[in-house]
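Notes follow the structure.
The values are calculated or read from the model by the stated rules, or taken from the named source; none is laboratory data. Note that this is a predicted model, so its numbers are computed, not measured. Glycine gets a Cβ as well: all are built from the backbone with ideal geometry, and neighbour counts include every protein chain shown.
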Amino acid sequence: MNELLEVLRFQAPKFGAELAQTAYKRGLAVTAPDGTTRPIPITATPVILDAAEIRRRAELAAQLSSATRKMSDAVLNGSTRDVLLGALSPLERSIAERTYAQVARLATTRVDFFVGTGGPRALEINTTIPAMQGYSDIAAHSFLEVVARHFNYPERALHALLTLNGSNALALYRALLDGYAAERKGKLPETIALLCRRNDAQLTEQRYLAERFREFGADADVVHPDEVSGDDAFIANGKRYELVYRHLFLRRLEQTPSPWLEDFFGTVPGKKAVFLNPPTTQMEVKTTFALLSQAATDAGLAEAAGLSSAEVEAIRASVPWTRRFRRAPSTGPGGEQLEDLVASVAAEPHRFVLKRAWDYGGKAVFIGRSVGTLPYNERAQALYGAPLPWAELCERASTDTTGGGYVVQELVEITPEDHFVCTETGALPTSFYVDYSSYASVGLAKQPAWGGVCRGSMGEIVNIVGGGGVLPLITSEVAQKLLMAWKAI
C-alpha cells in the first residue's frame, strides 16, 4: 500500500489539523493530575497490514500470554518463588500470594513487539493494565472518517468501512462478557464499572470505553476508588455493578489506601462482582519473560512449567534472548558459553539492553548503544545520581535488587520510519521508531477478534505518556478502498 501512503503524505497538510482535533475530542489525550488534558499525537500516515497478519500476531500474543501465566504459576509453586515475589511491593506480593492459584482467565493482555526484517519480536508482556484498546480505536476510526470524507468516500458506506477495520473496544467487551458468562453459568452482566483513579492519565480512554460499552448493550460507568463500597456487592454512587474492569495499579492503592478495594482484589474472580483482569504483577515481572526465553532452549524448564509445544514454538519464533542479569555463567544470544554474564554484557554494549525486572514507563531501561545520549544520561542520573558509563552501569545494575533486579535482552534492531504527525494547525514530517502491540485473552473458550495498536516515538524507548504518539492501524482491504476512492475523485 505504498501508493496510498504516498497520497497521504501529499495530502496530510490538508486534513492533518482536522484529524488531530477529531482524535483529541474523542479522547486521544493524556490527563494530568489537575484534570487538564493534552493531546496524544496522531499520524496522518497509518500502519497497513493484511488482516491475516493482524490475526497471526494476535494468535502469537495469545500463546505467549498463556505461556507467561503457566511460567509464573510454576515459579510461585516452587522453591524459587521469591525470584518473582521479591520484585513486588508489599501489597502486590500479598495479592499475588492470595490469588495466583485462582487466576484462570484474563480478559485482556498485550504483547509489545518490535517488527524488523525477522518479523515480530516480543519485548515484553503486559497483564497488569494492558491498556490502549480505546486509544487504538480512536486513532483508527478518526483517521478513517476524516480521510474517507477528504477522499469523498460515500457517507452511507463509512460505517461498513469502520466495521471492516475491526475494533479493540468491541473485542474487549466480548472478552469480558464471555468471561463473565463462564463464571456465572451463561448469564451476561447488565452493569459494568470501569475502575480507575480520579484524573488517571488515561481517564479519557476509560470514558471512551464506557461509552462504547453502553452502545454495545451494557450499562457502563467510570467509577473511582473513593466511590466504592458494599457489604456483599460492588456499589458505587448507589448503583450495583456486576462486572468490574480494573484500570488501577495496586501501587496506587499503597499511595492512597483503600482497605475495601484491597479486600476486593484479593478474591479472584470476585464475589461482590466478577473482575476478569485481576492484578497479576507476577506475570508482568520481566524475570518471567526471561524464563520464557530460557525455556526455548531448556526442555526441562518448559516441561516443568507445563508449556505446550505451540507455546514453546511461539517463544522460539518471537521472544529475543533474555536472561536474569547477574554474575553467573550463561549462554549468549547465539548459544555461546559465557563465563560471566555481567562481564560479557559490559564488554559489548551495542548488543544489549538492560531493563529493571519490575518497573513501567521505561524509566529503568538502558540501551547499550545509546550510552552518552541525553535519554540514557537522564535515566542513569535519576536512578544512580550520575550519567554512568556502560560498564559501571552494568556493575551497579548487577547488584541492584530494587524491583527484582534487572534482566538483559539482546537488542532488537529496528529503523526509524518517516511519518506525518498531525497538529492543530496541520501535519509535520517526522521520524518515528514504531512498535506494534497485539492484544489477547487467556482462558476463554474462544479468542475475540483482537487487533493491535501502534505507537511511535522519536526515541528508541516508545512510551505514550512520555511523549510518544499513536499511528492508526488499518487493514490492507480498507486501505485499498480508500485508495480507490481517491482515484475516483
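Out of Ala181, Ala148, one residue alone is within 21 Å of Ala17 (Cβ to Cβ) and not assigned by TED's automatic domain parsing to the domain that holds Trp358. It is Ala148. Could you tell me whether any residue of segment 41-59 is farther than 27 Å from Phe143 by Cα and not charged (D, E, K, R)? There is no residue in segment 41-59 that is farther than 27 Å from Phe143 by Cα and not charged (D, E, K, R).
When only residues in segment 235-259 that are aromatic (Phe, Trp, Tyr) and closer than 16 Å to Ala107 by Cβ count, which is surrounded by the fewest Cβ atoms within 10 Å (Cβ to Cβ)? Per the criteria, the residue is Tyr245. Within segment 128-146, the only residue that satisfies the criterion of being in contact with a helix residue (DSSP H, G or I) (Cβ under 6 Å, 6 or more places away or on another chain) and at pLDDT below 95 is Thr128.
Matching residues to (1) among the acidic types (Asp, Glu); (2) in contact (Cβ under 8 Å) with a residue 60 or more places away in the chain; (3) on the phi < 0 side of the Ramachandran plot:
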residue: Glu6; (1), (2), (3): yes, no, yes
residue: Pro13; (1), (2), (3): no, yes, yes
residue: Thr22; (1), (2), (3): no, yes, yes
residue: Arg26; (1), (2), (3): no, yes, yes
residue: Val30; (1), (2), (3): no, yes, yes
residue: Thr36; (1), (2), (3): no, no, yes
residue: Ile40; (1), (2), (3): no, yes, yes
residue: Val47; (1), (2), (3): no, yes, yes
residue: Ile54; (1), (2), (3): no, yes, yes
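Which of the following residues is surrounded by fewer than 22 Cβ atoms within 10 Å (Cβ to Cβ), of a type in the set (Gly, Ala, Ser) and within 22 Å of Ser457 (Cβ to Cβ): Ala51, Ala32, Ala23?
Ala32
Just one of the numbered conditions (1) outside any strand (DSSP E or B); (2) crowded, with 20+ Cβ neighbours inside 10 Å is not true of Leu354: (1). Considering each residue of segment 297-310 in turn, none proves to be touching a residue at least 40 places away in the same chain (Cβ under 8 Å) and touching a Phe, Trp or Tyr at 6+ places or on another chain (Cβ under 9 Å). Selection of segment 105-120 for residues being charged (D, E, K, R) and in contact with a Ser or Thr (Cβ under 6 Å, 6 or more places away or on another chain) yields Arg110, Asp112. Tell me yes or no: at least one residue of segment 418-425 is farther than 20 Å from Phe366 by Cα, of a type in the set (Phe, Trp, Tyr) and crowded, with 20+ Cβ neighbours inside 10 Å. There is at least one residue in segment 418-425 that is farther than 20 Å from Phe366 by Cα, of a type in the set (Phe, Trp, Tyr) and crowded, with 20+ Cβ neighbours inside 10 Å. Note on segment 407-459: residues that are in contact with a Cys (Cβ under 7 Å, 6 or more places away or on another chain) and of a type in the set (A, V, I, L, M) amount to 1.
Just one of the listed residues (Glu395, Glu378) is without any contact (Cβ under 8 Å) to a residue 12 or more places away in the chain and not in a strand (DSSP E or B), and it is Glu378.
Among the residues in segment 334-346, are any within 27 Å of the chain's Cα centre (by Cα) and not polar (S, T, N, Q)?
Within segment 334-346 (the criterion being within 27 Å of the chain's Cα centre (by Cα) and not polar (S, T, N, Q)), the answer is no, since none of the residues qualifies.
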